[in-house]
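So the structure is just underneath, and the comments pick up after that.
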Amino acid sequence: MTPDPLAPLDLAFWNIETDRHPMHLGALGVFAAHSPTAGAHAADLLAARAAGVPGLRMRIRDVWQPPGPLRPLAVGGATREPDPDFDPLEHIELHAPTADFQGEAGRLMERPLRRGRPPWEAHVLPGADGTGFAVLFKFHHALADGLRALTLAAAILDPMDLPPPRPRRPAPRRSRLPDVRRLPGLVRDALSDAVTDVGRAVDIGASVAFSTLTARPVPGFTAEPSGTRRTAGVVIDLDDVHRVRKTVGGTVNDVLIAVVAGALRRWLDARGDRTEGVRPRALIPVSTRRPRTAHPRGNRLSGYLIRLPVDDPDPLTRLGTVRAAMDRNKDAGPGRGAGAVALLADHVPPLGHRLGGPLAAQAARLWFDILVTSVPLPGLCLRLGGHPLTAVHPYAPLARGQSLAVAMSTYRGQVHFGLVADARAVPDLDRLAAAVRAEVAALVTACEPERPDAGRRAADAGRIAADAAPGRGTRVRTPAVACAPEGVREAGEGRARVPVAAPAPGPSGS
């Protein structure tokens, strides 16, 4: 297999990493088991299966000139290539039993991946009580975005009973000689694309400048980097999210972002920090992959930048504000606005990424204050060694100078939050996790039909969104179904689709 040059955004992720700000994604999967040796057996299975997954053999190597003909603009890049000395046992570690999966995950997330070998790890954490175990997967963002990381992790879990893929139509045969009649059109399209790219870059740059000029420091969201990490996990019922969505309108993702805004308000209030006028800029990564391009390597990300209405005391009006902001971003598209900075990576030569990476890393907090991302998961029940996956908490990288990042995944009728924080700046991350649960309960209560003001407040929240971008609500329905015992086929399963992809903090995911 010949070396494959890194895509521009992958190269950006590779070069903005520092020891105190590792650029890996994480996911903590918790599995139910009934044997104290289940964790050790899981580690053996992962090691045996990893050897047969080509994507897990790939290392990233810095090169001054990629293979092939001399290309001056390609100088200073990096390549993705198979590691001839790949050993799965160097990437999979079995730890001592623990009663605190999140505590162990936080300590492991702060450790950078070794750059001289394939940049991924799997840490197996047996439960102290013998009734379960957890696996923390870590993938460098230059190796995989959220969707690709899911594909690689699923390849070493138990095989899934998937329906056969639909056959693709054969591609039409093309002549080896170009059609001269199409030449004027090709030239015209190329010139049009160039003009569009320049206009998009100017628009993104102006939007970022305006966002930076109007930003104000937000206590609790910025901190001097310590290199330490703390994680926390929250699980909420997807039915509660649907109940709110059906009352107010919008999408599942709108409701979840509003939950984050309300939880941040509760957390800041509990800390004694002021929330008046506090509207942190949240980066919402958006996948720009096309439906049939999940397998080609390389991150395909843009993003939306919105201000979270943390200063608003009413949960329903907060949701209306979030919905309006998301509708405006969707109407403009993922190729415009301050959140689309990741697209500019395509216009920077490799040497620019290598030399400018440290500067770009420091500029992340000028661009946004907190990352809020969603990672889609399959609706099928995932297993390892026959043990069902009961919870999965995704973790996003933490940008330099920022103290918090929030990631979410919808799985089996529940929404699983993964919170990552600088451990010194946010010693009370569990308080934020509790605030997430409290905010969901507050939204559900506000939407109860027996409340005399529920209809008016819901209508007011919907009007906020309708005034900004009418007609954007979508219907998402997922019945909650628990994993069935081994060998039992489930009927009527649905899957939720949260329309935001992989985490990515800075060019940046997801």
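The values are calculated or read from the model by the stated rules, or taken from the named source; none is laboratory data. The structure presented is a predicted model; accordingly, all values stated were derived computationally and were not measured. So basically every Cβ, Gly included, is an ideal-geometry build from the backbone, and we count neighbours across all protein chains shown. Calculation scope for accessible area: heavy atoms of the full protein, side chains included, ligands and nucleic acids excluded. Shrake-Rupley method; radii C 1.70, N 1.55, O 1.52, S 1.80 Å.
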Return the distance in nm (one decimal) between the two label points of a simple spin-label model at Asp237 and Thr445, each offset 7 Å from Cα along Cα→Cβ.
1.6
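Using the Cα centre of segment 3-64 as the reference point, and only Cβ charges (+1 on K/R, -1 on D/E), how large is the resulting charge dipole? Debye, rounded to the nearest 20.
Working: 5 positive and 6 negative charges, 31 e Å.
Magnitude of the dipole: close to 160 debye.
Counting only protein chains, not ligands or nucleic acids, how are Lys246, Lys330, Lys138 ordered by accessible area (probe 1.4 Å), most first? Kindly include the intermediate steps, with their values, before the conclusion.
Values: Lys246 125, Lys330 50, Lys138 0 Å².
Final ranking, largest accessible area leading: Lys246, Lys330, Lys138.
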Estimated distance in nm for a label pair at Ala154 and Ala128, the labels positioned 7 Å out from Cα along Cα-to-Cβ
3.5
Averaged per residue, what accessible area in Å² does segment 80-166 show with a 1.4 Å probe, protein chains only?
42
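With a 1.4 Å probe and all protein chains kept in place, how do Phe101, Phe139 rank by accessible area, largest first?
On the way: Phe101 45, Phe139 10 Å².
The ordering from most to least exposed comes out as Phe101, Phe139.
Could you order Asp314, Asp100, Asp254 by accessible surface area, starting with the largest, using a probe radius of 1.4 Å? Walk me through the numbers before you get to the answer.
On the way: Asp314 35, Asp100 80, Asp254 0 Å².
Ranked list, largest accessible area first: Asp100, Asp314, Asp254.
Counting only heavy atoms of protein chains, what accessible area per residue, in Å², does segment 214-269 have with a probe of 1.4 Å?
31
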Relative contact order as a percentage, segment 82-149, C-alpha pairs under 8 Å and 6+ apart, gives 32
Summing +1 for each Lys or Arg and -1 for each Asp or Glu, what net charge is found among the other residues whose Cβ lies under 12 Å from the Cβ of Ala434?
0
Across segment 128-137, in residue order, what do the Karplus-derived ³J(HN,Hα) couplings come to in whole Hz, using 6.51 cos²θ - 1.76 cosθ + 1.60 with θ = phi - 60° and x for Gly and Pro?
5, 8, x, 9, x, 8, 10, 10, 9, 9
Looking at the square roots a ≥ b ≥ c of the eigenvalues of the Cα gyration tensor of segment 1-151, which shape do they give, rounded for a/c under 1.5, prolate if a/b is larger than b/c, or oblate?
prolate
Give, in nm to one decimal, the length gained when the segment between Arg61 and His95 is fully stretched (0.36 nm per residue of separation minus the Cα-Cα distance).
9.3 nm
Calculate the spin-label point distance for Asp44 paired with Asp314, positioning each point 7 Å from the Cα along the beta-carbon direction, and give it in nanometres.
6.1
Accessible area per residue of segment 1-53 at 1.4 Å probe, in Å²?
39
